[in-house]
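J.: Below you will find the structure I want to go over with you.
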Amino acid sequence: MVVFENKAIPKLLLVCLFVQFSVSAANFFQPFNVTYDHRALIIDGKRRMLISGGIHYPRATPQMWPDLIAKSKEGGADVIESYTFWNGHEPVRGQYNFEGRFDLVKFVKLVGDNGLYFLLRIGPYVCAEWNFGGFPVWLRDIPGIEFRTDNEPFKREMQRFVTKIVDLMREEKLFSWQGGPIILLQIENEYGNMEGSYGQKGKEYVRWAANMALGLGAGVPWVMCKQTDAPGDIIDTCNNYYCDGYKPNSPNKPTIWTENWDGWYTSWGGRLPHRPVEDLAFAVARFFQRGGSLMNYYMYFGGTNFGRTSGGPFYITSYDYDAPIDEYGLRSEPKWGHLKDLHAAIKLCERALVAADSPQYMKLGPRQEAHVYWENTQSTVLNTTLSESQSACSAFLANIDEHNTATVIFRGKSYSLPPWSVSILPDCSNVAFNTAKVGAQTSVKLVENALSPKISAPELVMTKNEVSSIPESWMSVEEPIGIWSESNFTVQGLLEHLKVTKDESDYLWHMTRIYVSDDDVAFWEENKVSPTLVIDSMRDVLRIFINGELIGSVSGHWVKVLQPVQFQQGYSDLMLLSQTVGLQNYGAFLEKDGAGFRGQIKLTGFKNGDIDLSKASWIYQVGLKGEFQKIFTIEENEKAGWTNLKLDDTPSTFTWYKAYFDSHDGSEPIAIDLGSMGKGQAWVNGHHIGRYWNLTAPKDGCPDSCDYRGAYGSNKCMTNCGKPTQTWYHVPRSWLQASNNLLVIFEEIGGNPFEISVKLRVPRILCAQMSESYYPPLREWLHLDLIDGKVSISDMKPQIHLQCEDGHIISSIEFASYGTPHGSCQNFSNGNCHSPNSLSVISEACVGRNSCSVEVSNSGFGSDPCRGVLKTLAVEARCVSTSTIGVSQF
């Protein structure tokens with residue numbers, strides 16, 4: 001049997017954190033049951049404290065999944081969490097898709113292969129900043145349907161999909177009792193925020209959803225998040241930045257945090273969010289300190305909204321989310337590393353945490369407190385009974401003062417607690433970790449030329465390198481303005497956008513003919529006025545054309561349009577192009593939100609009064625000609641009448657561009673810089689990498705420095721002010737071939753494709769800084785001499801740790817100083833105290849290796865460079881791909 005239980009360590013009685021899982025080919029685990037009590041989930045008869053990491057499988061490619069899961073496990077995750085995505089799995093009613101990025105079974109099996117558990121949140125409403133909240137658009141067209149309420153058509157469709165997923169997991173033997181990794185399921189999603197909008201029908205719907213889910217016989221517990229009235233056998237859970245004060249609606253249910261928002265999402269033209277890791281670690285530590293049992297990071301890896309999957313309105317293609325693993329699959333340091341240390345510290349406390357039904361509370365000061373967990377001879381029958389000499393004690397000391405460091409006395413010892421921090425004491429005596437003291441490395445990601453066979457001199461992210469611009473000649477073809485095919489149709493009056501497009505395209509053309517008399521022209525000239533197009537309400541983007549000429553554009557979410565227009569005498573074609581930029585993914589009555597226009601459309605300022613266009617005859621055309629001809633694919637692109645583009649050609653609207661490029665060897669992530677373009681969509685080798693839009697964030701609202709102290713909100717610690725929200729777009733390696741990669745751009749408003757560049761995104765620079773008073777590495781708590789009682793944890797020294805990404809080694813040490821160095825990463829300098837051995841010691845330990853650890857002590861550097869002074873080690877290193885220097889990874 002795979003061991004999930006806590007392994008008692010004599011004398012120090014600590015849980016082993018580095019359990020290696022042996023997974024057979026037949027089963028991921030030996031079958032085990034999952035239940036729960038008031039304290040925790042009970043897995044195979046034992047309570048567990050669990051760390052979970054959110055990874056949405058469609059926001060990465062299957063080729064990325066193994067590395068993402070492995071990095072999550074390395075970072076301390078026990079569980080991987082994901083929603084299911086109904087509109088991805090059933091794009092047409094009754095036609096299912098479980099292939100490619102939507103191969104849910106493969107993803108769950110990979111999680112099991114890594115010895116991790118799985119939390120599957122079926123929903124099927126997911127929000128997730130995903131198009132239409134995960135609902136397929138065809139669901140709107142079912143007669144009489146109302147989403148997420150006591151409505152028979154909706155309940156019938158919802159039950160059918162949820163049953164499909166549960167049955168599929170059962171058929172593939174993926175539930176825990178079958179030897180699979182799935183330990184927990186979720187039905188619905190954050191419905192408590194919407195329930196009041198539906199009145200009594202909302203309450204009845206909650207009860208129905210719970211009973212329906214429980215009736216499927218999945219054999220593992222179900223949760224409902226943000227659902228304080230979750231019925232008895234459903235665990236209600238918390239979603240928020242902080243959940244340490246959350247209590248479920250029954251004393252028989254454990255406290256579970258299904259969404260710990262470690263960042264936030266971003267809209268076009270918005271600033272980029274950043275949640276400091278000190279605050280995030282504080283929130284997690286407080287959750288477990290105050291009785292929490294399972295915490296899930298939303299997100300641990302955010303990924304990319306490929307294609308048209310981003311929700312809305314106006315959510316960008318990147319879903320990086322400021323997560324511990326970035327959009328490209330690279331570790332975001334120090335967030336990833338600091339959280340890894342936090343998880344290790346919590347695991348050192350797990351034995352005491354699961355043994356105690358509740359903590360002992362101690363007030364240590366006006367805003368300071370301790371929670372102490374004991375394991376004694378009266379251990380619950382759910383855990384191994386131990387002798388009194390083996391009893392364990394773990395404590396969490398918190399300072400919730402936002403401004404001041406506090407010194408507290410706990411069990412006769414003095415402890416200094418930084419503001420807004422928690423110290424974790426696995427043995428109730430020695431501090432293993434403090435949330436505000438970051439010892440993890442910082443990584444600096446650069447962009448480098450991806451078009452040459454060898455790495456060129458790097459530049460900082462968000463800079464341009466003209467050398468890496470796509471060298472092949474560009475070609476272009478214009479997109480017809482207006483009606484372009486025989487598939488158009490004419491209707492008297494206005495139709496709602498989604499009823500026509502079925503979301504098969506962002507674009508819907510509307511054309512009507514306007515007659516202007518001589519009297520109208522004379523009226524305008526005499527009164528010095530011009531007519532105005534008035535639209536009561538529209539979303540998301542509107543382009544207005546008269547006789548094929550673009551005269552105005554409007555963007556917004558259900559905004560009024562007042563557009564001056566000019567007509568010549570006679571007949572003119574008025575064309576309106578309505579566009580979606582991600583369908584609404586949050587809110588009540590989603591089926592009624594729609595797109596396009598609401599209310600009346602009219603022309604004002606005519607001699608004989610306003611012209612009501614709402615009742616006019618309109619010709620409708622769905623989508624773009626190039627879009628439906630699939631000229632972005634390798635197979636079909638030659639069907640378009642491409643012509644060579646010259647450098648001095650004027651940027652034009654509604655134009656398709658194409659070029660070819662060769663990709664760089666290796667495994668480093670690839671990004672395309674579209675900062676020279678306006679708005680549109682992009683494809684590589686037929687794969688839709690997403691929408692792009694070159695909107696700039698406001699210049700204000702970004703602090704010079706981010707203060708982690710105090711409650712976090714999505715507007716705190718913003719970055720990227722005064723810069724385009726997104727210019728870099730991820731192109732997964734698996735979508736590329738060695739040469740002749742086809743890049744196709746559809747540009748709406750004009751841009752310069754000659755400045756588009758393809759770059760590698762690489763974490764080239766590592767920095768770390770640690771004082772000799774920092775804590776020993778968490779792994780030292782498991783040192784045999786410590787376990788045998790030969791040494792004390794207080795005798796062990798801190799160690800600085802550097803680690804390149806896989807496939808990379810440390811090629812050089814750019815700076816090293818043990819003493820009193822000044823500055824920060826990429827700006828270090830020697831202080832008055834400096835060990836002359838610093839560079840040689842670090843170089844010998846690290847150069848040529850993927851990772852290294854160096855003790856921060858006088859003995860590590862041969863002598864004390866300045867007695868009586870607290871010393872710090874600061875290091876800056878450079879990583880290089882092993883493929884560029886012809887050596888294998890150490």
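J.: Among (1) open to solvent by less than 60 Å² (accessible area, probe 1.4 Å); (2) in a helix (DSSP H, G or I); (3) not aromatic (Phe, Trp, Tyr), there is one condition residue 638 misses while meeting the rest; what is its number?
T.: (1)
J.: Go through the stretch 222-234 residue by residue and tally those that are farther than 25 Å from residue 285 by Cβ and either in contact with a strand residue (DSSP E or B) (Cβ under 8 Å, 6 or more places away or on another chain) or open to solvent by 50 Å² or more (accessible area, probe 1.4 Å) (or both).
T.: First pass over the stretch 222-234, keeping only residues farther than 25 Å from residue 285 by Cβ: 222, 224, 227, 229-234.
Filter once more, keeping what is either in contact with a strand residue (DSSP E or B) (Cβ under 8 Å, 6 or more places away or on another chain) or open to solvent by 50 Å² or more (accessible area, probe 1.4 Å) (or both): 222, 224, 227, 229-230, 232-234.
Counting residues in the stretch 222-234 that are farther than 25 Å from residue 285 by Cβ and either in contact with a strand residue (DSSP E or B) (Cβ under 8 Å, 6 or more places away or on another chain) or open to solvent by 50 Å² or more (accessible area, probe 1.4 Å) (or both) gives 8.
J.: Hey, can you tell me all the residues within the stretch 493-528 that are hydroxyl-bearing (Ser, Thr, Tyr) and either closer than 23 Å to residue 549 by Cβ or not assigned by the TED database to the domain that holds residue 571 (or both)? I'd like the intermediate steps shown before the answer.
T.: Of all residues in the stretch 493-528, those hydroxyl-bearing (Ser, Thr, Tyr) come to 501, 505, 507, 512, 515, 517.
Scanning the stretch 493-528 gives 505, 507, 512, 515, 517.
J.: Would you point out which residue out of 71, 106, 7 is open to solvent by 50 Å² or more (accessible area, probe 1.4 Å) and modelled with pLDDT of 95 or more?
T.: Details: 71 fails: open to solvent by 50 Å² or more (accessible area, probe 1.4 Å); 7 fails: modelled with pLDDT of 95 or more.
Answer to the check: 106.
J.: Go over the candidates 587, 609, 582 one by one and state the one that is in a loop (DSSP other than H, G, I, E, B), within 28 Å of residue 560 (Cα to Cα) and open to solvent by less than 10 Å² (accessible area, probe 1.4 Å). Before you say what the answer is, go through the steps one by one.
T.: Numbers: 587 fails: open to solvent by less than 10 Å² (accessible area, probe 1.4 Å); 609 fails: open to solvent by less than 10 Å² (accessible area, probe 1.4 Å).
Among 587, 609, 582, only 582 is in a loop (DSSP other than H, G, I, E, B), within 28 Å of residue 560 (Cα to Cα) and open to solvent by less than 10 Å² (accessible area, probe 1.4 Å).
J.: Out of 266, 237, which single residue is without any contact (Cβ under 8 Å) to a residue 60 or more places away in the chain and buried (at least 19 other Cβ atoms within 10 Å of the Cβ)? Walk me through how you get there before you give the answer.
T.: Working: 266 fails: without any contact (Cβ under 8 Å) to a residue 60 or more places away in the chain.
Matching residue, one of 266, 237: 237.
J.: Moving to a separate point now. Can you name the residue in the stretch 612-624 that is among the polar types (S, T, N, Q) and under 42 Å from the mean Cα position of the chain (by Cα) and is also surrounded by the most Cβ atoms within 10 Å (Cβ to Cβ) among such residues? Step through it out loud before you land on a result.
T.: Residues of the stretch 612-624 that are among the polar types (S, T, N, Q), as a first pass: 614, 617, 621.
From what is left, the residues that are under 42 Å from the mean Cα position of the chain (by Cα) are 614, 621.
Working: 614: 15, 621: 23.
Checking each candidate, the answer is 621.
J.: Give the number of residues within the stretch 664-705 that are more than 30 Å from residue 636 (Cβ to Cβ), of a type outside the set (Val, Ile, Thr) and at pLDDT 95 or above.
T.: 8
J.: Is it true that some residue in the stretch 711-724 is open to solvent by less than 30 Å² (accessible area, probe 1.4 Å), touching a helix residue (DSSP H, G or I) at 6+ places or on another chain (Cβ under 9 Å) and among the small types (Gly, Ala, Ser)?
T.: no
J.: Right, something else. Consider residue 322 carefully, then state whether it is out of contact with any His (no Cβ under 7 Å at 6 or more places or on another chain), charged (D, E, K, R) and open to solvent by 10 Å² or more (accessible area, probe 1.4 Å). Lay out the reasoning, then the answer.
T.: On the way: out of contact with any His (no Cβ under 7 Å at 6 or more places or on another chain): no; charged (D, E, K, R): yes; open to solvent by 10 Å² or more (accessible area, probe 1.4 Å): yes.
No, not satisfied.
J.: Read through the list (1) within 29 Å of the chain's Cα centre (by Cα); (2) open to solvent by 30 Å² or more (accessible area, probe 1.4 Å); (3) without any contact (Cβ under 8 Å) to a residue 40 or more places away in the chain, then give the number of the only condition that residue 557 fails.
T.: (3)
J.: What's the total number of residues in the stretch 577-625 that are closer than 18 Å to residue 511 by Cβ and β-branched (Val, Ile, Thr)?
T.: Adding up the residues that qualify gives 4.
J.: Across the stretch 830-847, what is the number of residues that are without any contact (Cβ under 8 Å) to a residue 24 or more places away in the chain and open to solvent by less than 50 Å² (accessible area, probe 1.4 Å)?
T.: Here the count works out to 2.
J.: Follow-up. Can you pull out the residues in the stretch 681-710 that are on the phi > 0 side of the Ramachandran plot and part of a strand (DSSP E or B)?
T.: So the first thing to find is which residues in the stretch 681-710 are on the phi > 0 side of the Ramachandran plot, and the list is 685-686, 690, 701, 710.
Matches in the stretch 681-710: 690 only.
J.: Right, residue 208: within 27 Å of residue 94 (Cβ to Cβ), open to solvent by 40 Å² or more (accessible area, probe 1.4 Å) and in contact (Cβ under 8 Å) with a residue 40 or more places away in the chain or not?
T.: Numbers: within 27 Å of residue 94 (Cβ to Cβ): yes; open to solvent by 40 Å² or more (accessible area, probe 1.4 Å): yes; in contact (Cβ under 8 Å) with a residue 40 or more places away in the chain: yes.
Yes: the conditions hold for residue 208.
J.: Among what's in the stretch 491-510 and is farther than 24 Å from residue 308 by Cβ and assigned to a strand (DSSP E or B), pick the residue that is farthest from the chain's Cα centre (by Cα). Let's see the steps before the verdict.
T.: First pass over the stretch 491-510, keeping only residues farther than 24 Å from residue 308 by Cβ: 491-493.
Now narrow it down to the ones that are assigned to a strand (DSSP E or B): 491-492.
Working: 491: 42, 492: 44 Å.
Here the residue is 492.
J.: Among the residues that make up the stretch 752-762, is at least one of them open to solvent by less than 10 Å² (accessible area, probe 1.4 Å), in contact with a strand residue (DSSP E or B) (Cβ under 7 Å, 6 or more places away or on another chain), more than 16 Å from residue 692 (Cβ to Cβ) and of a type outside the set (Phe, Trp, Tyr)?
T.: Looking only at the stretch 752-762, we keep the residues that are open to solvent by less than 10 Å² (accessible area, probe 1.4 Å), and these are 753, 756-760, 762.
Applying the additional criterion that residues be in contact with a strand residue (DSSP E or B) (Cβ under 7 Å, 6 or more places away or on another chain) yields 753, 756-760, 762.
So of that shortlist, the ones also more than 16 Å from residue 692 (Cβ to Cβ) come out as 760, 762.
Okay, now just the ones that are also of a type outside the set (Phe, Trp, Tyr), so 760, 762.
Looking through the stretch 752-762, at least one residue is open to solvent by less than 10 Å² (accessible area, probe 1.4 Å), in contact with a strand residue (DSSP E or B) (Cβ under 7 Å, 6 or more places away or on another chain), more than 16 Å from residue 692 (Cβ to Cβ) and of a type outside the set (Phe, Trp, Tyr).
J.: If you don't mind, another one. Determine which single condition residue 477 fails, assuming it passes every other condition in (1) at pLDDT 95 or above; (2) under 18 Å from residue 346 (Cα atoms).
T.: (2)
J.: Mind listing just one residue for me: the one in the stretch 308-319 that is under 17 Å from residue 136 (Cβ atoms) and open to solvent by 10 Å² or more (accessible area, probe 1.4 Å) and, of those, farthest from the chain's Cα centre (by Cα)? Lay out the reasoning, then the answer.
T.: Pass one, the stretch 308-319, residues under 17 Å from residue 136 (Cβ atoms): 308-312.
Checking the rest, the ones that are also open to solvent by 10 Å² or more (accessible area, probe 1.4 Å) come to 308-309.
Values: 308: 16, 309: 14 Å.
The selected residue is 308.
J.: Name every residue in the stretch 214-236 that is touching a Leu at 6+ places or on another chain (Cβ under 7 Å) and among the hydrophobic types (A, V, I, L, M, F, W, C), in order of residue number. Full working, then the answer.
T.: Step one: of the stretch 214-236, the residues touching a Leu at 6+ places or on another chain (Cβ under 7 Å) are 218, 220-223, 233.
Result: 218, 220, 222, 223.
J.: Sticking with this one: Identify, please: which residue in the stretch 848-868 is part of a loop (DSSP other than H, G, I, E, B) and open to solvent by 60 Å² or more (accessible area, probe 1.4 Å) and is, among those, nearest to residue 443 (Cα to Cα)?
T.: Looking only at the stretch 848-868, we keep the residues that are part of a loop (DSSP other than H, G, I, E, B), and these are 848-850, 856-858, 862-868.
Restricting the remaining residues to those that are open to solvent by 60 Å² or more (accessible area, probe 1.4 Å) gives 849, 862-863, 867-868.
Values: 849: 16, 862: 28, 863: 30, 867: 32, 868: 32 Å.
Filtering first and then ranking leaves 849.
J.: Do we have residue 657 as on the phi < 0 side of the Ramachandran plot, within 33 Å of the chain's Cα centre (by Cα) and at pLDDT 95 or above here?
T.: Details: on the phi < 0 side of the Ramachandran plot: yes; within 33 Å of the chain's Cα centre (by Cα): yes; at pLDDT 95 or above: yes.
In short, yes.
The values are calculated or read from the model by the stated rules, or taken from the named source; none is laboratory data. Given the structure is predicted, the values throughout are model-derived calculations rather than measurements. As a convention, Cβ positions derive from the backbone with ideal geometry for all residues, glycine included, and neighbour counts pool all protein chains shown. These accessible areas exclude ligands, DNA and RNA; they are computed on the full protein's heavy atoms, side chains included. Shrake-Rupley method; radii C 1.70, N 1.55, O 1.52, S 1.80 Å.
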